[in-house]
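Student: Below you will find the structure I want to go over with you.
The values are calculated or read from the model by the stated rules, or taken from the named source; none is laboratory data. Here the structure is a predicted model, which is why all the values come from computation and not from measurement. Because the Cβ atoms are built from the backbone with ideal geometry, glycine has one as well, and the counts that use them run over all protein chains shown. All accessible areas refer to the heavy atoms of the entire protein, side chains included, with ligands and DNA or RNA removed. Shrake-Rupley method; radii C 1.70, N 1.55, O 1.52, S 1.80 Å.
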Amino acid sequence: MNTIVSLDQVTRTYPLGETTVQALRGVSGEFEQGRIHTIVGPSGSGTSTLLHIVGCMDLPTSGEVRFDGQRLNDLSQRDLTRLRAEHIGFVFQAFHLTPILTVRDNVALALRFVGIPRREARRRVAATLEQVGLGHRLDHRPSQLSGGERQRVAVARALIKEPTLILADEPTGNLDTETGETVIDLLEAINRDHGTTVIMVTHDADIAARSDVVHTMRDGRIVGVRRLAA
Amino acid sequence: MVDYAIQSILDRRARSVLTVIGVAVMITLVIVITGIVASQDRTMDAHASAGAGKLNIQPLMAGDAYPADGVDLTETDADAVLEAVSGDAIAGRSGKIVYFELEPPPFPNQPPDVMLVGVEAGHEEAFIASATGRVDAVAGSAAFSEAGVTGSVILGSHAAEALDATMGARLTVLDRSFTVAGILTPCDDLVVDSAVIMPLGDAQGLLGKPGLVSSVIIIPTGDDAEMRRVLAASFPNLFVIDSTDTRRTVEEGISTFEDLVNSIAVVVIVCASLLLMTVMLITVKERTREIGVLRAIGASNGTIIRSVLWEIFLLSAVGSVIGGVVSGVVMQFALTENIFDLRHILTYMPLAVVLTVLSGVLPAIKIGRILPVESLRYE
């Protein structure tokens, strides 16, 4: 199977007040395309930092990151933004929907940055929201939705551009168990139906158990990779 | 991202309204202040033009001050000047004049607010006329030969208003009572407009200056520059001024006022721009996480910057229109004089929009430079 993301001795250091934090200390690993990957580890182990670097939202201090064979270290901010716009969808723990926009416009936002015409965008938004079970909430604002519904809107926003990769940073962290499982069901369906690679950070062992590959992190390093599915 | 900017404005209604009000107030102040200066400019320009073709011959010590007050020449010298030009002056439009300031001018180097002017009966037009026309009376008479040689005054339009005098009323000037025999129509010549005109003898008696005058006025039939040269050569002890000198004196007089007012306008613009920049910096700071999410899902630096600039542009455009309307109302109805000038308003409105948008460039660029993950970490 192809590798969608690879890392080679990636470090990430950043200042925090008068000290320096070493969030990643030489991470190396690969993420296979078409799989559901989870990254697990205690708080402060660098799980979210790793996700941000894989998602081109942050830059490594040293080491090499490749996305679909392309070396990300060589790309400008503009190119990285373009890559995110076209190939990577994000789902955040806190949903991060734009409160001033409706559900429809929140999801459509992802298409605006890749130049999809307005009419086509509207068609795709309606279809995607149907897919996540929110076809009846198009004109609602995020404040009018439950936590689970907001997260499903976030998933729709990530999905609508048909990305190569979806990155989810503790997508069920702010949800109850039942609602959280609904969201994971949705991500599994996306992976199954579209072949989209999913990389998820989670503290939930049950969620990790549903993935194909579990990457364990501790103190800024990947200390173990466990394959749960062939 | 225009619709995004509009939605952002509507969502932060209170702040948007206050920003629009701030921009509107700034524009109103700047337009009204500069409008007052422009109006003053036009008035002074008209005043200088009103004296076209008129020569004032006055003592050398008076220099180019017009009207000359406080320095006299003898009637003998004045008669000599009149004799020298008798064939070249427009009939009835030359004569001896006495000036005395009754109320000081509002600004330095400007004509007095009210001025006593003594003219020879039958030669009133030397004072109230120019090469191109004369001022008529809106009430009563514009000449003493009709109204009576002594004990009467003819008032300029502004003088009548300042002294609250009406046709036929008794008016006390320097402790002596006069009858208002005429009130002139408003005119561009501010000296005429501010004049309390009386017979020369009455003026000389009031001022205790028998046989003395302030200047001689001549309106030549031909080229006034040529006559000026002849007079200057023939009477080296006298100073000859024409409308060019008057214009220069007027411009010097109002330049200090203009500089002050323009400085105030600049300060208003700078303060408003800084305030708007501060508001936008705070707004951008508050929206750091929102912007981080936009960057995460693929919005470029340029998209973010354009979104912020659109927001500023829309707020300043609305404020500019409101300010333009309010300033028009103020200029037309709220000042002592209607100084409404649409061209003036339309010049400053887009300028204000440009300046306020420029004040938002720094906040917009600042937020565009933050990495997405830094924005998302922002609490």
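Student: Does A:I199 satisfy the criteria of being open to solvent by less than 50 Å² (accessible area, probe 1.4 Å) and either part of a helix (DSSP H, G or I) or more than 18 Å from A:R35 (Cβ to Cβ) (or both)?
Tutor: The answer is no for A:I199.
Student: For segment A:211-230, what are the residues that are open to solvent by 70 Å² or more (accessible area, probe 1.4 Å), touching a residue at least 24 places away in the same chain (Cβ under 8 Å) and assigned to a loop (DSSP other than H, G, I, E, B)?
Tutor: A:D219
Per-residue answers, yes or no, for (1) under 24 Å from B:L294 (Cβ atoms); (2) away from chain B (no Cβ under 14 Å):
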residue: A:N2; (1), (2): no, yes
residue: A:V5; (1), (2): yes, yes
residue: A:P15; (1), (2): no, no
residue: A:T20; (1), (2): no, yes
residue: A:T38; (1), (2): no, yes
residue: A:G41; (1), (2): no, yes
residue: A:S45; (1), (2): no, yes
residue: A:C56; (1), (2): yes, no
residue: A:G63; (1), (2): no, yes
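Student: Consider A:P99 against the criteria (1) touching a residue at least 40 places away in the same chain (Cβ under 8 Å); (2) within 9 Å of chain B (Cβ to nearest Cβ); (3) open to solvent by less than 30 Å² (accessible area, probe 1.4 Å): it satisfies all of them except one. Which criterion is unmet?
Tutor: (3)
Student: OK, next. Among the residues of segment B:1-19, what is the count of those that are facing chain A (nearest Cβ under 9 Å) and either part of a helix (DSSP H, G or I) or under 15 Å from B:A317 (Cα atoms) (or both)?
Tutor: 6
Student: Now a separate question. Could you run through segment A:113-124 and say how many residues are assigned to a helix (DSSP H, G or I), within 26 Å of B:R306 (Cα to Cα) and either modelled with pLDDT under 85 or away from every other protein chain (no Cβ under 14 Å) (or both)?
Tutor: 4
To keep it simple, each residue is scored yes or no on (1) closer than 17 Å to B:D3 by Cβ; (2) open to solvent by 20 Å² or more (accessible area, probe 1.4 Å); (3) of a type outside the set (F, W, Y).
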| position | (1), (2), (3) |
| --- | --- |
| B:I297 | yes, no, yes |
| B:I305 | yes, yes, yes |
| B:E311 | yes, no, yes |
| B:A317 | yes, yes, yes |
| B:S320 | no, no, yes |
| B:V330 | no, yes, yes |
| B:A334 | no, yes, yes |
| B:H344 | no, yes, yes |
| B:Y348 | no, yes, no |
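Student: Which numbered condition trips up B:S263, out of (1) open to solvent by 20 Å² or more (accessible area, probe 1.4 Å); (2) within 14 Å of chain A (Cβ to nearest Cβ); (3) not β-branched (V, I, T)?
Tutor: (2)
Student: Can you list the strands (runs of 3 or more DSSP E) lying wholly within segment A:1-57 that have 3 or more residues being open to solvent by 20 Å² or more (accessible area, probe 1.4 Å)?
Tutor: A:3-16, A:19-32
Student: So, one more: Look at A:L138 and say whether it is within 14 Å of chain B (Cβ to nearest Cβ) and closer than 30 Å to B:S8 by Cβ.
Tutor: So A:L138 does not fit the description; no.
Student: Next up: Restricting to segment A:125-160, count the residues that are aliphatic (A, V, I, L, M) and not in a helix (DSSP H, G or I).
Tutor: Qualifying residue count for the region: 5.
Student: Specify the residue that is nearest to the other protein chains (Cβ to nearest Cβ); the eligible residues are those in segment A:65-92 that are among the aliphatic types (A, V, I, L, M) and in a strand (DSSP E or B).
Tutor: Result: A:I88.
Student: Where in segment B:261-379 are there helices (runs of 4 or more DSSP H), lying fully within it, with 1 or more residues that are modelled with pLDDT of 85 or more and touching a His at 6+ places or on another chain (Cβ under 6 Å)?
Tutor: Counting at least 1 such residues, we get B:288-296.
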